[in-house]
Every structure is written in C-alpha cells, then in structure tokens.
1. Tell me the residue from 89, 52, 69 that is exposed (fewer than 13 other Cβ atoms within 10 Å of the Cβ) and out of contact with any strand residue (DSSP E or B) (no Cβ under 7 Å at 6 or more places or on another chain), please.
2. Among (1) within 30 Å of residue 2 (Cβ to Cβ); (2) in a loop (DSSP other than H, G, I, E, B); (3) touching a residue at least 12 places away in the same chain (Cβ under 8 Å), there is one condition residue 66 misses while meeting the rest; what is its number?
3. Please specify each residue of the stretch 5-32 satisfying the condition of being touching a strand residue (DSSP E or B) at 6+ places or on another chain (Cβ under 8 Å) and surrounded by fewer than 16 Cβ atoms within 10 Å (Cβ to Cβ).
4. Could you please find all residues in the stretch 1-28 being touching a residue at least 40 places away in the same chain (Cβ under 8 Å) and part of a helix (DSSP H, G or I)?
5. Any residue that is part of a strand (DSSP E or B) and surrounded by fewer than 12 Cβ atoms within 10 Å (Cβ to Cβ) - is there at least one of those in the stretch 38-49?
6. Taking the condition of being assigned to a helix (DSSP H, G or I) and at pLDDT 95 or above, how many residues in the stretch 51-62 meet it?
7. Which residue, of 2, 35, is surrounded by fewer than 10 Cβ atoms within 10 Å (Cβ to Cβ) and touching a strand residue (DSSP E or B) at 6+ places or on another chain (Cβ under 9 Å)?
C-alpha cells in the first residue's frame, strides 16, 4: 500500500516517497511534505541547474547551492531562472 502526503509543492494529496530522498532534517521534511511527483519535478529542475551552471555535484559549494535551490523550489515555490535558457521541445 502506498503512502500519501499532503504535498506542499502541489498543494494536494499525492503519493509519498518510500524513504527520505535527502539526508538529515531536510530529507525528513521532504519525506513528510513532498510527493513523488513533486520530487521528480525537482530532479528535472536540478538536472537543468547542473547542466546550465556546469556544476560538479560532489563539490561542497555545488551541493550547498543545490540544497538551497531544492528548498526554495519545493517549499517556497521559487525556481532559479537561467538567463537565456530555452527548455527543449518535447
């Protein structure tokens, strides 16, 4: 049986994750308040940030930036905008 959460990103009930996707308190908050669907939206946005800013995710500075952006994206409804970025056509 899948677990449901009231997803603060989607502002509705949705399927929750099986375990915290991030370590520490932030990961627990994501587990409790973010759905699988919203997490997938973050992962797509994160990929765009990594590619556009040419980040190396294992570098501490890049990880800190990504964690800050993740919290803004998921909980504050803010997403970093890349000047001149045009999403690929589907």
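1. Values: 52 fails: exposed (fewer than 13 other Cβ atoms within 10 Å of the Cβ); 69 fails: exposed (fewer than 13 other Cβ atoms within 10 Å of the Cβ).
Unique residue meeting the criteria: 89.
2. Result: residue 66 fails condition (2) only.
3. 6, 10, 12, 13, 15, 32
4. Result: 26, single match.
5. no
6. 3
7. 2
The values are calculated or read from the model by the stated rules, or taken from the named source; none is laboratory data. Keep in mind it's a predicted model, so treat the numbers as computed, not measured. When we count neighbours, we look across all protein chains shown, and the Cβ atoms used for this are built from the backbone with ideal geometry, even at glycine.
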